[in-house]
Amino acid sequence: MNRKTVQREWEDIAETYAQRRDPNGSDADLVFDLQSMVGEDSTILDVGCGDGARTLDNLSESVIDIGLDIARQNLELARDTVPTARLLQAEMTQLPIASDSIDGITAYHAVFHVPRSNHPNVYNEFTRVLRPGGTLLMTLPGGRYETVRRGWMGGQMLFSAPGRDQTLAYLQNAGFENIRTQQVTDPLGSNAEFVFADLAES
């Protein structure tokens, strides 16, 4: 699937995806942990924000929150959920964000919808926009795959990942350190592993 096809599919399934994902749960609680790490009055970017119910909506009012998604329909849903957030339609391989301007990034179930050959570009963009010492929180893929799942959420979607170990290596190569992982309950009925990683200070 190319970028335009992925975007079109997200436009079609946005509401179904939002309805099926419980906004609560142990994966949503990780947002509170991230906020405690980066501190109050920080700026947090949510990449692949969807409707924002499990991420942006959990941030305190003192945080400047920015939601980014490839699909306009997801951003329309996020506008209803988090009307104060700054919302951007863009790809994660080319973030329309100034360098060294973000304190924290969340990427929930997002990066593996980009072809795995582009994942290093995504992580380099994360390090570009993060301030030194900033923190990334993202879903860590458990396997190595590149497939189109037909019938997913009533449509079809690309899933692509280089594997857990290679993803961790990509993060290190991009400049992340102090990498730690945590198992959580996924709202779609399974377990998922997430990773916290800090951008090196120098």
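Considering every residue within the stretch 97-113, establish whether at least one is of a type outside the set (Lys, Arg), farther than 19 Å from Ile44 by Cβ and buried (at least 16 other Cβ atoms within 10 Å of the Cβ). Walk me through it before giving the result.
Initially, the stretch 97-113 is screened for residues of a type outside the set (Lys, Arg), giving 97-113.
This time we only want the ones that are farther than 19 Å from Ile44 by Cβ, so: 112-113.
Retained after the next criterion (residues that are buried (at least 16 other Cβ atoms within 10 Å of the Cβ)): 112-113.
Yes, that holds for at least one residue.
Would a scan of the stretch 42-59 turn up a residue that is outside any helix (DSSP H, G or I), free of Cβ contacts under 8 Å to residues at least 60 places away in the same chain, surrounded by fewer than 19 Cβ atoms within 10 Å (Cβ to Cβ) and under 16 Å from the mean Cα position of the chain (by Cα)? Give the derivation first.
Residues of the stretch 42-59 that are outside any helix (DSSP H, G or I), as a first pass: 42-55, 59.
Those still in the list that are free of Cβ contacts under 8 Å to residues at least 60 places away in the same chain too: 49-53, 55, 59.
Next, only the ones that are surrounded by fewer than 19 Cβ atoms within 10 Å (Cβ to Cβ) stay: none.
No: the stretch 42-59 contains no residue that is outside any helix (DSSP H, G or I), free of Cβ contacts under 8 Å to residues at least 60 places away in the same chain, surrounded by fewer than 19 Cβ atoms within 10 Å (Cβ to Cβ) and under 16 Å from the mean Cα position of the chain (by Cα).
For every residue, the table says whether it meets (1) at pLDDT below 95; (2) closer than 24 Å to Arg149 by Cα; (3) not in a helix (DSSP H, G or I).
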residue	(1), (2), (3)
Leu75	no, yes, no
Thr84	yes, no, yes
Asp103	no, no, yes
Phe112	no, yes, no
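Please count how many residues of the stretch 11-36 are surrounded by fewer than 14 Cβ atoms within 10 Å (Cβ to Cβ) and not charged (D, E, K, R).
So the count comes out to 5.
Could you tell me whether the stretch 115-131 includes any residue that is surrounded by fewer than 20 Cβ atoms within 10 Å (Cβ to Cβ) and within 26 Å of Arg20 (Cα to Cα)?
Yes; the residues of the stretch 115-131 include at least one that is surrounded by fewer than 20 Cβ atoms within 10 Å (Cβ to Cβ) and within 26 Å of Arg20 (Cα to Cα).
Test Asn191 against the stated conditions and say whether it is in a strand (DSSP E or B), loosely packed, with under 14 Cβ neighbours inside 10 Å and at pLDDT below 95.
Numbers: in a strand (DSSP E or B): yes; loosely packed, with under 14 Cβ neighbours inside 10 Å: yes; at pLDDT below 95: yes.
Here the answer is yes, as Asn191 does meet what is asked.
When you look at Thr93, is it over 23 Å from Met157 (Cα atoms), of a type outside the set (A, V, I, L, M) and either part of a strand (DSSP E or B) or free of Cβ contacts under 8 Å to residues at least 40 places away in the same chain (or both), yes or no? So that I can check it myself, show each step before the final result.
On the way: over 23 Å from Met157 (Cα atoms): no; of a type outside the set (A, V, I, L, M): yes; either part of a strand (DSSP E or B) or free of Cβ contacts under 8 Å to residues at least 40 places away in the same chain (or both): yes.
Answer is no for this residue.
Can you find, within the stretch 60-73, the residue that is modelled with the lowest pLDDT among those that are under 20 Å from Arg131 (Cβ atoms) and surrounded by 24 or more Cβ atoms within 10 Å (Cβ to Cβ)?
Applying the filter and picking the extreme gives Asp65.
The values are calculated or read from the model by the stated rules, or taken from the named source; none is laboratory data. Just so you know, these numbers come straight off a predicted model, no measurement behind them. Backbone-built Cβ (ideal geometry, glycine too); neighbour counts: all protein chains shown.
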